[in-house]
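See below for the structure under consideration.
The values are calculated or read from the model by the stated rules, or taken from the named source; none is laboratory data. This is a predicted model, so every value here is computed, not measured. Ideal geometry is used to build each Cβ from the backbone, glycine not excepted, and the neighbour counts take in all protein chains shown. For the accessible areas, the whole protein counts, side chains as well, though only heavy atoms, and no ligand, DNA or RNA atoms are used. Shrake-Rupley method; radii C 1.70, N 1.55, O 1.52, S 1.80 Å.
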Amino acid sequence: MSAIRLLTRTSLKTAFRTRAMTALNARRSASFYNVDLAGLTEDQAEFREAVREFAQKEVAPRAAEIDKSNNFPSDLWEKMGSMGLLGITCSPDYGGLALGYFNHTLAMEELSRASGSVALSYGAHSNLCVNQIHRWGTDEQKKKYLPDLISGKKVGSLAMSEPGSGSDVVSMKLRADKVDGGYKLTGTKFWITNGPTASTLVVYAKTLPDKGSKGITAFIIERGFEGFSTHQKLDKLGMRGSDTCELVFEDCFVPEENVLGPVNKGAGVLMSGLDLERLVLSGGPLGLMQAAFDYAVEYVHEREQFGVPVGTFQLMQAKIADMYTKTNASRAYVYAVARACDAGKVSRRDCAGAILYSSDRAVEVALEAMQCLGGNGYINDYPTGRILRDSRLYTVGAGTQEIRRMLIGREFNQELLSD
């Protein structure tokens, strides 16, 4: 528990306790997060508060500019590293905190409340890359890559999707041909979060192209490898500060020691990480919902029409009630799944269900928050439009809603129709 307390003390000393209010875009530092309902332990509550104060000081004041510029602020990586946020689930041997996925989800939630873009890049680095190397890497790989990734000196990424293989990831075309001393990779990856800046990437490729899922292998790629390059940075609707691009491999040589996990067993590496990825990323919609609700509920009690705050109108009260209920219902489900995962009960259907439910609700809450602001909700001087655009990512990223529904249904089919 000393790691949590150190993290908390560091953050509390530097907490930003006051916020300047502007006429057009008053950033609220208060939140209507219901601590009593969250059911956090004392240590988890301290951890969440430390992350909240860090996010409100270092990230929230820059959220609008991050969105506008379409760039992730590189200085945030080492700041998050110094907080211990980049290795929450990793061993202290590599600089990690040795905490669980619940804490990781809490960090994702609070960073998302400050900026969806920053949190998404954070999740790709800390969960999709760092956590996978920690789970599957050899001792030598972990010693080589994890310290710099956990400190924030280097940026991590995961590359799975391709232009022709999104939901059908097993149909990937990136080839890894065996050569003396390693493999040569040829092909492309697409929609890769942190791709433009990542120095360490977990990449999946076909080592036996005719074997389907039984011919996939995971590799650790370094930016300096000959034959590896990044192409155009994508201009996205939302999550604009989360740098995203295409990766290109042209006979890129990867040494044998950079194989991550068993050869031709990469599908197992990939699928085992997807459940935990869905859980941790579920914190994103929670944070976006809380940000939208916090802003809207204060706005409707400051904005007056007909001589009274618009929040006193019954139709507006209904919106407040619906947003509040959807946010807390989503949080209850995500937190329950997180607790189960930390107890060793990883449920594929519920990891998918948590992000399925929370991401749909996040879009609904963001839309209602925009409506609460009236005309102001439709202009970019206010944050609700950005929150809506960011929330849409979670209905297609880390698996589409359709795939999540199919996965849940298939889980029940397998259970009930098996001999």
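Results, tabulated for the structure shown:
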item: Value of [θ]222 nm, deg cm²/dmol, for the chain, DSSP H segments ≥ 4, -39500 (n - 2.57) each, nearest 500; result: -16000 deg cm²/dmol
item: Fraction of accessible area attributable to carbon and sulfur, the chain (%, probe 1.4 Å); result: 54
item: Accessible area (Å², per residue) of the chain, counting only protein heavy atoms and a probe of 1.4 Å; result: 42
item: Peptides ranked, highest mean first, by Cβ atoms within 10 Å: ranges 46-56, 32-42, 288-298; result: 288-298, 46-56, 32-42
item: Positive dipole terminus of the stretch 272-417, leading residue within Gln371, Leu356, Met323 (C-beta point charges); result: Leu356
item: The stretch 73-139: trypsin sites (Lys or Arg not before Pro) in DSSP loop, at most 16 other beta carbons within 10 Å; result: none
item: Using alpha-carbon coordinates, inclination of helix 42-58 to the longest axis of the chain, degrees; result: 80
item: Rounded tilt (10° steps) of 314-342 against the dominant C-alpha axis of the chain; result: 30
item: Beta bridge orientation in the stretch 111-204: antiparallel %, DSSP, nearest 5; result: 60
item: 31 Å Cα-Cα threshold exceeded, pairs from Lys57/Lys265; Lys154/Lys236; Lys319/Lys345; Lys79/Lys144; result: Lys57/Lys265; Lys319/Lys345
item: Simple Cβ-charge dipole of the stretch 156-266, Lys/Arg +1 and Asp/Glu -1, about Cα centre, in debye nearest 20; result: 360
item: Rounded to 10°, Cα long-axis angle of helix 384-393 versus longest principal axis of the chain; result: 30
item: Most positive-pole-ward Cα, Ile216, Ala332, Gly268, against dipole of the chain from beta carbon charges; result: Ala332
item: Cα centroid separation, the stretch 216-261 to the stretch 91-150 (Å); result: 18
item: Of Thr312, Thr207, Thr217, the one that fluctuates the most in a GNM where the chain has Cα springs shorter than 10 Å; result: Thr312
item: Highest to lowest packing among 57-65, 321-329, 122-130, scored as the average C-beta count within 10 Å; result: 122-130, 57-65, 321-329
